[in-house]
1. For the stretch 173-214, how many residues are more than 16 Å from the ligand (Cβ to nearest atom), closer than 20 Å to Gly91 by Cβ and not aliphatic (A, V, I, L, M)?
2. Looking only at helices (runs of 4 or more DSSP H) that lie completely in the stretch 157-251, which have at least 2 residues being closer than 18 Å to Arg142 by Cα, of a type outside the set (Phe, Trp, Tyr) and at pLDDT 95 or above?
3. List the number of the failed condition for Ala216; all other conditions in (1) more than 22 Å from Gly119 (Cα to Cα); (2) more than 11 Å from the chain's Cα centre (by Cα); (3) small (Gly, Ala, Ser) hold.
4. Give me the pairs: first residue in the stretch 62-91 and without any contact (Cβ under 8 Å) to a residue 24 or more places away in the chain, second residue surrounded by 14 or more Cβ atoms within 10 Å (Cβ to Cβ) and among the hydrophobic types (A, V, I, L, M, F, W, C), beta-carbon distance under 7 Å, and six or more apart or on different chains, which are they?
5. Sort out which residues of the stretch 133-189 are within 16 Å of the chain's Cα centre (by Cα), closer than 21 Å to Glu239 by Cβ and small (Gly, Ala, Ser), and write them in order of number.
6. Which of the residues spanning the stretch 143-163 are surrounded by fewer than 20 Cβ atoms within 10 Å (Cβ to Cβ) and not small (Gly, Ala, Ser)?
Amino acid sequence: MNEMADALRFYRDLGFEEIYVRRSEVATAAAPAPTPVVAVTPKQERPVVITPAAPAPLFTPSSETLEQVRADLGECTRCKLHSTRHSIVFGSGNPKAEVVFVGEGPGADEDAQGLPFVGRAGQLLTQMIDNSAQRMGVPLRRADCYICNVVKCRPPANRTPEKDEMETCSPFLMRQIAAIAPRAIVVLGATAARALLGTNEPMHRLRGQWFDFHGAKLLVTFHPAYLLRDPHKKKEAWEDMQQLFRFLYDR
Ligand code: URA
């Protein structure tokens, strides 16, 4: 413990404000049964993030705007999902959001309205954000966030997007995230986690911990549609939201 305290003091002296032992990002997600290595300062008893005082930029700083990414997407026909969609669901919310929520793909309501998470799952997502923030006393609401999906067109009959569809659409998601440059990304469900982290790890191995993602912090939580089917998991989703707000607001 003394060695750790010495090491923490050493890094503080170097100008690091917050310190943790970085787990390798995507590799960590794919690694078998990793033991989290998180330094906890003896006084604070909370895991802290090791980032130099000035946080690393997301990707290379993007000079692209969301409008430019949307314009490049155009009336996309790059994958087979285009043939059954009614609208492209690009994303919505604050283009300067500190947090981006990423779902799997639009459902019927989203396809009809051209907006993400507007159906039943969307209403629950709104509650997850707004109610948890309110309970924690932080001023964040859904409208302050940016919300989008891995694939921008509805998969027929709400099937899971296929690998080639996610691979075709993912570059646009990456460009959206780079244009926004959020501090945190919340990935909703295992399919979106697979797309972003490149892992097949089950949800219970992924949720509730931070991953480093190109200079942003990435948290995986349950998809709200899953929570509608299994409301018992809402407690864990609430814990994930608390973790998000603790990070964003240094609580
Ligand atoms: N489910 C998703 O993954 N995304 C939406 O936009 C709506 C439901």
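1. 5
2. Values: elements: 163-180, 190-197, 203-206, 224-229, 234-249.
In the stretch 157-251, the matching helices (runs of 4 or more DSSP H) lie at 163-180, 224-229, 234-249.
3. (2)
4. Sorted first by the residue in the stretch 62-91, then by its partner, the pairs are Arg70/Phe90.
5. Result: Ala184, Gly189.
6. Going residue by residue through the stretch 143-163, those that are surrounded by fewer than 20 Cβ atoms within 10 Å (Cβ to Cβ) are 143-144, 156-160, 162-163.
Across the stretch 143-163, the qualifying residues are Asp144, Pro156, Asn158, Arg159, Thr160, Glu162, Lys163.
The values are calculated or read from the model by the stated rules, or taken from the named source; none is laboratory data. This structure is a prediction, so every number in the text was calculated from the model and none was measured. So basically every Cβ, Gly included, is an ideal-geometry build from the backbone, and we count neighbours across all protein chains shown.
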